[in-house]
1. If I fit a long axis through the Cα atoms of helix 24-48 and take the longest principal axis of the Cα atoms of the chain, what angle between them do I get, 0 to 90°, rounded to 10?
2. How would you order 70-78, 106-114 from highest to lowest mean count of nearby Cβ atoms within 10 Å?
3. Leaving out same-chain residues fewer than 8 places away, which lysines sit with a Cα under 17 Å from that of residue 127?
4. Counting other beta carbons within 10 Å of each residue's own, what order do 46, 135 fall into, fewest first?
5. Under 8 Å for C-alpha pairs, at least 6 residues apart: give me the relative contact order for the chain, rounded to a whole percent.
6. Among the aspartates and glutamates, which have Cα under 19 Å from the Cα of residue 113 when same-chain residues fewer than 8 positions away are ignored?
7. Average projected area of the Cα convex hull of the chain, in nm²?
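Rule-based calculations on the coordinates, nothing more; no lab input. What you see is a predicted model; the values in this text were computed from it and never measured. So basically every Cβ, Gly included, is an ideal-geometry build from the backbone, and we count neighbours across all protein chains shown.
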Amino acid sequence: MIEIKVDKKNKEIQIDLGKHIKYVPKLIEQALKDIGNDVVEETRSLIKSGDKTGRKYSIKGKKHTASAPGEAPANITGKLAKSANYAVRNAQEMSIGESESYAVYLETGTKKKIAPRPHLIAAINKKAGDTYNTLEKALEKL
């Protein structure tokens with residue numbers, strides 16, 4: 001049984017998970033996997049969809065519209081979207097990123113030539129509320 005005690009004098013809430021404590025890391029790890037998957041899917045969606053409003057040009061005879069500064073990058077080959085991934089190391093550590101070498105330049109821009117095209121941080125921010133809900137639902141299973 002889970003016990004919750006409120007110590008009004010010290011303004012503390014004490015939670016005793018008892019025997020349930022052993023389930024917490026597994027529940028959190030699964031929640032982090034769900035969060036990672038949601039953020040990766042959102043990142044890919046931002047890259048692959050949405051009307052881009054940047055420069056128009058042709059690539060191998062096909063018309064292409066680039067992303068404008070501030071928009072998620074335009075999708076040309078699909079490599080950037082496919083490179084988005086996440087890793088859950090344990091119940092306390094997770095990473096989300098992209099393996100394409102140019103991803104960081106698109107995300108943050110460069111000093112001279114490329115203005116930022118935020119997509120990974122935009123996806124993380126867009127999913128922030130879902131992240132909280134996913135963790136809360138996982139711990140409700142105790």
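1. Rounded to the nearest ten degrees, it is 20.
2. Working: 70-78: 16.7, 106-114: 12.6.
Those peptides, ordered most packed to least, come out 70-78, 106-114.
3. 33, 137
4. If I rank by nearby Cβ atoms, fewest first, I get 135, 46.
5. Numbers: 194 pairs, mean separation 35.8, N = 142.
Relative contact order for the chain comes out at 25 percent.
6. 71, 100
7. 12.0 nm²
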